[in-house]
Amino acid sequence: MEQADMMQSQGPQVQACAAEERWSSGRRIIPALGTPLASIFGSGFLVIVPVLASGVGPYAVWAMLAVAFVAFHTGAIVRHNILCAEPVLAASNQRATLVLERLSDAALVLAYVVSVCLYIHILSAFVLGAVGLDSGFNKSLLTTVVIGLITVIGILGGLKPLERLERWALYVTFLMLALLLIGFAVYDAQLYLDTGRFALPALPQRSGWEMLTIVAGTLIVVQGFETPRYLGRRFDTGTRIRASRWSQYVSLSIYVAFVALALPIVPVLNGHYADNSLIQLAAAVSVLLAMPLVLAAGLSQFSAAVADTLAAAGNLEEVTRRRLSQRWGYLLVAVSAMLLAWTGSTFTVIALASRAFALYYLLQCLVALSVCRNRRERLRFLLVALALGFVLLFAVPAG
């Protein structure tokens, strides 16, 4: 249905593009799935449970479903632009589309800077939490040191060799997710057999507006489905569209299941929600899960930060029309992310990252509107733009 709507919105031009999609094989899609899945699972599964439990308590699963719904329709716009906007941009015959795309590229650089800070902030929270040194100052300090290390490696030798970490980080993340899902399911089943019911976290003393704005601040946890938009040199149009769509099918399903299975264990936190609370949840299931979780968090966050540093520096080079070299790009990204590391808690950075990516996605909505002529599709794009505008203006951190 999504693809048919995009074809209808653009007529013969899209049908020609759609033919390209049919040529892609399953073997081509698997490699293309790695980048979006690594980005989507980069940090989200580590923090989503305490954020939603703090924000909406027993309604966390419904909140996750709402975030997934908005994310999937936002992903549809990205896929529409792969199919329909890219030929227009290549032809350079619509000035409005070109301007909006350049603004979107600049917004993406900003979003990547925030996400680099977020990834390393989460890494710091899990590593320091494991050794009992978890404090706001220590997290900001370790975040600054690790970002500095990434920057020095980038300036002296380049970060390209470290890109290989992405695949291994994805394997480790999937393994950790599988262990947690199995462990949570066994714990829940035993809890139900022992008590005849599932325990759920208490409803926090918040207004409906507060809950809505906290949930809006979790958009970052499902970010990453847009990455195939920028893999045009490696994969054809159809492969990138399928990779984006299937990355959302897989990740959003796992996120909903993850939140649902973790929710009955959340009461062990006694209402105290931290950025590394997943360690306590894992330990409640089995003490054997805690340390592997910390190691997986460290690897996945470092890998994701390297990938986003590379992407941000590359985009900066393009946005400045190569006036800024990639090495200077590394330095600018690092200094910005380091400053951001001292501005607040991990939950604050999560909400800020959600707002930054909402701006990027909102501009992608405008790009789609500039090339789409189908009324029904334009209405859908406007509704998604309104939702993203809400995130941009009103998203707040949990806690």
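The values are calculated or read from the model by the stated rules, or taken from the named source; none is laboratory data. Source: prediction; values computed, not measured. Cβ: placed from backbone, ideal geometry, glycine included. Neighbour counts: every protein chain shown. Only protein heavy atoms, including side chains, enter the accessible area calculation; ligands, DNA and RNA are left aside. Shrake-Rupley method; radii C 1.70, N 1.55, O 1.52, S 1.80 Å.
Out of residues 5 or more away from residue 344 or on other chains, whose amide H comes under 5 Å of its own, with H placed 1.01 Å from N in the peptide plane?
Close amide H contacts, sequence-distant or interchain: none at all.
Report the residues of the range 271-305 in range of a label on residue 190: point 7 Å along Cα→C-beta, backbone N strictly under 17 Å from it.
The answer is 280-291.
Under a crude label model (7 Å from the Cα following the beta-carbon direction), how far is residue 167 from residue 137 in nanometres?
According to this spin-label approximation, the distance is 4.4 nm.
What 222 nm value per residue comes from the helices of the chain, counting each DSSP H run with n ≥ 4 as -39,500 (n - 2.57) and dividing by all residues, nearest 500 deg cm²/dmol?
Taking each H run of at least 4 residues, the total per residue is -26000 deg cm²/dmol.
For the pair residue 320 and residue 178, how long in nm is the line joining their label points, each one 7 Å along Cα→Cβ?
4.4 nm
Could you report the range 28-394's accessible area per residue, 1.4 Å probe, as an integer in Å²?
41 Å²
May I ask for the net charge around residue 325, where only other residues with Cβ less than 13 Å from the Cβ of residue 325 are counted and Lys, Arg are +1 while Asp, Glu are -1?
Around residue 325, the charge tally is +2.
Kindly identify the range 62-215 as rounded, prolate or oblate by the Cα gyration tensor criterion: order the square roots of the eigenvalues as a ≥ b ≥ c, call it rounded if a/c is under 1.5, otherwise compare a/b with b/c, prolate if a/b is larger, else oblate.
oblate
Direction-averaged shadow area of the convex hull around the Cα atoms of the chain, nm²?
Mean projected area of the Cα convex hull: 19.3 nm².
Between residue 249 and residue 291, what is the label-point separation in nm under the 7 Å Cα-to-beta-carbon projection?
So the label points at residue 291 and residue 249 sit 3.9 nm apart.
Amide H to amide H under 5 Å from residue 134: which residues, 5+ apart in sequence or cross-chain, H placed 1.01 Å off N in plane?
Those lying under 5 Å, H to H, from residue 134: there are none.
Can you tell me how the range 300-399 classifies by the Cα gyration tensor, rounded, prolate or oblate, using a/c under 1.5 as the rounded cut?
Oblate is the answer for the range 300-399, as a/c is 1.5 or above yet b/c matches or exceeds a/b.
When the chain is fully extended, how far beyond the present Cα-Cα distance does residue 99 get from residue 236, taking 0.36 nm per residue of separation?
46.9 nm
Apply 1/(1 + (r/R0)^6) to the Cβ-Cβ distance of residue 339 and residue 197, taking R0 = 51 Å, and write down the FRET efficiency to the nearest 0.05.
0.60
Give, in nm to one decimal, the length gained when the segment between residue 62 and residue 383 is fully stretched (0.36 nm per residue of separation minus the Cα-Cα distance).
Roughly 113.6 nm would be gained on extension.
So what are the ³J(HN,Hα) numbers for the range 300-316, from phi and the Karplus equation (6.51, -1.76, 1.60; θ = phi - 60°), rounded to whole Hz, Gly and Pro as x?
Taking θ as phi minus 60°, the curve returns 5, 6, 5, 4, 5, 5, 4, 4, 6, 5, 4, 5, 5, 5, x, 5, 4 Hz for the range 300-316.
Between the helical axis of 237-262 and the dominant principal axis of the chain, each derived from Cα atoms, what acute angle in degrees is found, rounded to the nearest 10?
That works out to roughly 20 degrees.
Once neighbouring chains are kept in place and the probe is 1.4 Å, which whole percent of the accessible area of the chain is contributed by carbon and sulfur?
66 percent
HN-Hα J couplings of the range 110-118 from phi, Karplus 6.51/-1.76/1.60, θ = phi - 60°, integer Hz, Gly and Pro as x?
4, 5, 5, 4, 5, 5, 4, 4, 4
Ordered by residue, what ³J(HN,Hα) values in Hz, to whole numbers, does the range 358-375 give under the Karplus form 6.51 cos²θ - 1.76 cosθ + 1.60, where θ = phi - 60° and Gly and Pro are x?
Each residue's phi maps through the Karplus curve to give 4, 4, 4, 5, 4, 5, 5, 4, 5, 4, 4, 4, 6, 10, 9, 10, 7, 5 Hz.
Sketch the reach of a paramagnetic label on residue 92 as a point 7 Å from Cα along Cα-to-Cβ, and name the residues of the range 225-240 whose backbone nitrogen lies under 19 Å away.
Counting only backbone N, you get 233.
Name the long-range amide H neighbours of residue 236: under 5 Å, sequence gap of 5 or more, or other chain; modelled H, no Pro or chain starts.
Those qualifying (amide H under 5 Å, at least 5 residues apart or on another chain) number zero.
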